1. Can you say whether residue A:317 is charged (D, E, K, R) and in contact with a Pro (Cβ under 9 Å, 6 or more places away or on another chain), as far as the supplied structure shows?
2. So, in the range B:79-92, of the ones that are surrounded by 20 or more Cβ atoms within 10 Å (Cβ to Cβ) and within 11 Å of chain A (Cβ to nearest Cβ), which residue ends up nearest to residue B:36 (Cα to Cα)?
3. Quick check on residue A:309: is it facing chain B (nearest Cβ under 8 Å), farther than 23 Å from residue A:81 by Cα and touching a residue at least 60 places away in the same chain (Cβ under 8 Å)?
4. Taking the range B:23-41, which residues are surrounded by 12 or more Cβ atoms within 10 Å (Cβ to Cβ), in contact with a helix residue (DSSP H, G or I) (Cβ under 9 Å, 6 or more places away or on another chain) and within 14 Å of chain A (Cβ to nearest Cβ)?
5. Within the range B:1-103, considering only strands (runs of 3 or more DSSP E) that don't extend past its boundaries, which have at least 2 residues that are within 13 Å of the chain's Cα centre (by Cα)?
6. Within the range A:201-304, which helices (runs of 4 or more DSSP H) (wholly inside it) include 1 or more residues that are farther than 14 Å from residue A:367 by Cα and over 24 Å from the mean Cα position of the chain (by Cα)?
7. Which members of the range B:86-96 meet the condition of being out of contact with any His (no Cβ under 7 Å at 6 or more places or on another chain) and either at pLDDT 90 or above or not charged (D, E, K, R) (or both)?
8. Please go through the range B:125-141 and give me each residue that is within 13 Å of chain A (Cβ to nearest Cβ) and either under 21 Å from residue A:334 (Cα atoms) or surrounded by 11 or more Cβ atoms within 10 Å (Cβ to Cβ) (or both), ordered by number.
Amino acid sequence: MSEEKKVIVELDENPEYIINMGPQHPSTHGVLRFEVSLQGETVKYLIPHCGYIHRGIEKMCESLTYPQIIHLTDRLDYLSAHMNNEAVSLCVEKALDIEVPERVKYIRSILSELNRIASHQLWWCAFGMDLGGLTCFFYGLRDREKILDIFEESCGSRLLHSFVVPGGLMHDVHPNFKQSIRDFIKYFRKLLPEYDTLLTGNVIFQNRTRDLGIMSKETAINYGITGPSGRASGFACDVRKVEPYSAYPYIDFKEILYTEGDTFHRYKARMDEMWESMVILEKLLDKMPDGNDYTAKMKPVIKLPEGEYFQRVETARGELGVYIVSDGNKTPYRLKLRTPNFSNLFVMNKLTAGYKIADLVAISGSLDLVIPDIDR
Amino acid sequence: MEQEQLKEKIVALLPEAEFMTNKQYLDVIVPANKLHAFVTSLKETNDLKFDYLFCLSGVDWPNYFTVVYHITSSEYGHSIVVKVKTDGRENPEVPSLFDIYATAEFHEREVYDLLGVKFTNHPDLRRIFLEDTWVGYPLRKDYKDEINIIER
């Protein structure tokens, strides 16, 4: 008997156990694979493998005209579809030296902020669900529905709007536009404190997120972590402040900054952004000029003059950069998309090493990764 | 900092730098062998402090490749565009900047994957999106895709 036992307990001194988290895993929110090396339950290192839904958008753009490219940018970060459209449109307008009507600028910024709230709501649903609170999912989706209704009313579609085009907007917004947003703000102001009661103040939630996956400001800058994740570490990277565009220069708003940089403060930064977005929305609605002009005069065929153009836009997840190299044709010579999630993803190894595998889910949830935005 | 002032500072750092006019940012063309030292000094000089690399892209030109670095300073807010031309299209090589900006490591892997520009000293130069057995570099202008024909 005793001899048999000896054979069973023969183990490597430093056993390395590698598991694949993904490509099909509920908490990666898409097709992403983490190659995780474990010692017991502790993560030793983590290698992200991406490209499962690489669609070659940059290559496709080289054979499409600028108005056509707009429809592809929706498919990058589908939760910030509006901001993605805006980025390409602004870049084309910058190249052509076109000034869009004031009203258009306001509408663009209003829709951006609405999209930001909708995106943070869905993130909140999913983050709560990752940590075991399924109720969050129903709360968040219930309120997100209201924003999607506004989008449906004014843009014609709920998720991938393609509403912003070079020169202005696809068509005018619904006459009820202002009122429905005011109604939404009134509604959501009452319900957002429920989110805090349900999740933020929860002891289990706090224990699982506080002092977890701490990212210093230097790391954030070095890895190019932007958006609420970067701002939770004290990196003032809000493009709306750094290089203001559309109607943001006309209003005064607060940039949400924390210095702690842990998972809980990345959560907190997004929650505060929802409050701040509602303030921005009210200010923009008050100042928005009346009228019905929704586009500047554009030529039927858009050809950019030879040269290089860059536009930075703040999406819900961070900084989106559009770099167009034009050779004077109606299609770009090269179009590079600097997507926020691509940079945000690769800090995972640094943040998770040394923590337990259950914390990995919390950390990746707090970075709010959207996979099509990484793979492009 | 204004573009003119920035230009003076950069001439002092690297006299052989070439400049290009651009309405938005200051474009600097740097020889490949001086790139690493130049960018290090951009990051470490006290009144420049270019510490945030926000975009790294590769462009395929008829006779060479360019690698374009968009860098900004998180403290002062001024931005610069650094460009490097490769020596021909046969065996393009550019020094890696992974030890200056951590994010460069992954953006360089992307440029390698799609354009085939090799980054010397890179710690882990593998394809990032495509599978390891993929033949060719899709973002090159002379790339022929037999199945999904994409033509300008």
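1. It is true that residue A:317 is charged (D, E, K, R) and in contact with a Pro (Cβ under 9 Å, 6 or more places away or on another chain).
2. My answer is B:81.
3. Here the answer is no, as residue A:309 does not meet what is asked.
4. Answer for the range B:23-41, where residues must be surrounded by 12 or more Cβ atoms within 10 Å (Cβ to Cβ), in contact with a helix residue (DSSP H, G or I) (Cβ under 9 Å, 6 or more places away or on another chain) and within 14 Å of chain A (Cβ to nearest Cβ): B:24, B:25, B:26, B:28.
5. B:26-30, B:52-60, B:65-72, B:79-85, B:93-95
6. A:203-209, A:263-287
7. Passing the criteria: B:86, B:88, B:91, B:92, B:94.
8. Result: B:127, B:128, B:129, B:130, B:134, B:136, B:137, B:138, B:139, B:140, B:141.
The values are calculated or read from the model by the stated rules, or taken from the named source; none is laboratory data. Here the structure is a predicted model, which means the values were calculated and not measured. Don't worry about glycine lacking a Cβ; one is built from the backbone with ideal geometry, like all the others, and counts go over all protein chains shown.
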